[in-house]
Amino acid sequence: MNRRELLKMIAAATGTALVGGQALTAFAGGGGEEALTDADVRLLDEVAETLLPRTDTPGAKDAEVGDFMRVFVRDCYTAEQQARFRDGIARVEAHSRAAHGAGFLALDAPRRGEVVAALDREARARLESEARSQAETQGEPQGFTLIKQLTLFGFFTSKVGGTEVLRYVAVPGRYDGDLAYEPGEPAWATT
């Protein structure tokens, strides 16, 4: 099985709403030239690590989320979605420079956190505004939202995220609908 087939199966199994409503329509034309550069991937790794840092569990860079995003954006996004995603990368850099006078990669961890938090607040405000003005129609997510969604999607569907962060049972046993849960325990992952 090649990567493109795997991504199709993942998108179908986990829901394309997470990563953009028209993701499946892009499969027919995906696989062209690279949508993201190596510099973009380095930046995405650092943004992802800011969102999901290494603690006593692996972080986003351990799961190589930046490389996952490069493949997913190239193979699964339409040209319009790719442009929106690249705009999200440009917004990260622009906000970093406006707020701190330096690019995102030159910032220390607390300042990176400030940039990500500000972009997240901006994305949430836009989403709430669109929800009020377009009650029946759903707008396409903005670039930073796509970055955040792919960070979570890439991390929790990776081997590292699925086996070292989530609880993992390769072949689950019986169904137990009333499983005891203690606050703070990891959630479950299955394959």
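Side notes on the structure shown:
- Here the peptides 120-130, 153-163 are ranked by packing, the mean other Cβ count within 10 Å, and the order with the highest first is 153-163, 120-130.
- Charge sum, other residues only, whose C-beta stays under 10 Å from residue 112's C-beta, Lys/Arg counted +1 and Asp/Glu -1: -3
- Stretching the chain fully between residue 164 and residue 130 yields a gain of 8.5 nm (0.36 nm per residue, less the alpha carbon separation).
Any read-out appearing in this document is the output of simple, stated calculations on the displayed coordinates, not a laboratory observation. Everything numeric here is computed off the predicted structure, so don't read it as measured data. Because the Cβ atoms are built from the backbone with ideal geometry, glycine has one as well, and the counts that use them run over all protein chains shown.
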